[in-house]
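Inspection log for the structure reproduced underneath, given as structure tokens.
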Amino acid sequence: MAKMEKIKNDSFYIVLKGIVYLLTILALLFFANFWMGSKEDWEEIVENEFYPALITRTIFLTTIGLFFLLISYLLAVFYKKKYHYFKETIILILFSLIVNLYIMLF
């Protein structure tokens, strides 16, 4: 009976982690599109100040993503699971950078 309980808890943990990851991706995509300003100003920024804008936007999105990493960490602590914070932070930074490059160039 205890083994079934553990499997049920593990399954629920995986579902909750999936929901947190999905919400993180959706929030990053939303805020990447939300923080653009007018079309004319945006084209000027991309032409004249591409790298500072890219760095600033990546820091902004990473900060938003860190909130979701905190939720993921608290979920792992609650379920007493091993948490790979460094790996998830690197993935978050790379995803933020890729989303920003995509939004800025296309």
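Looking at (1) touching a Leu at 6+ places or on another chain (Cβ under 8 Å); (2) farther than 30 Å from Ile7 by Cα; (3) exposed (fewer than 15 other Cβ atoms within 10 Å of the Cβ), can you tell me which one Phe50 breaks?
Among (1) touching a Leu at 6+ places or on another chain (Cβ under 8 Å); (2) farther than 30 Å from Ile7 by Cα; (3) exposed (fewer than 15 other Cβ atoms within 10 Å of the Cβ), the lone unmet condition for Phe50 is (1).
What are the residues in the range 91-101 that are of a type outside the set (Phe, Trp, Tyr) and under 17 Å from Leu22 (Cα atoms), if any? Break it down into steps so the answer makes sense when it comes.
Just the residues of the range 91-101 that are of a type outside the set (Phe, Trp, Tyr), to begin with: 91-94, 96-101.
Matches in the range 91-101: Ile91, Leu92, Ile93, Leu94, Ser96, Ile98, Val99.
Any residue at all in the range 10-21 that is of a type in the set (Gly, Ala, Ser) and either touching a strand residue (DSSP E or B) at 6+ places or on another chain (Cβ under 7 Å) or modelled with pLDDT under 85 (or both)?
So the first thing to find is which residues in the range 10-21 are of a type in the set (Gly, Ala, Ser), and the list is 11, 18.
Those still in the list that are either touching a strand residue (DSSP E or B) at 6+ places or on another chain (Cβ under 7 Å) or modelled with pLDDT under 85 (or both) too: none.
No: zero hits.
Touching a Leu at 6+ places or on another chain (Cβ under 8 Å), surrounded by 13 or more Cβ atoms within 10 Å (Cβ to Cβ) and modelled with pLDDT under 95: does that describe Leu92? Reasoning before the result, please.
Working: touching a Leu at 6+ places or on another chain (Cβ under 8 Å): yes; surrounded by 13 or more Cβ atoms within 10 Å (Cβ to Cβ): yes; modelled with pLDDT under 95: yes.
The answer is yes for Leu92.
The values are calculated or read from the model by the stated rules, or taken from the named source; none is laboratory data. Here the structure is a predicted model, which is why all the values come from computation and not from measurement. Virtual Cβ from ideal backbone geometry, glycine too; neighbours counted across all protein chains shown.
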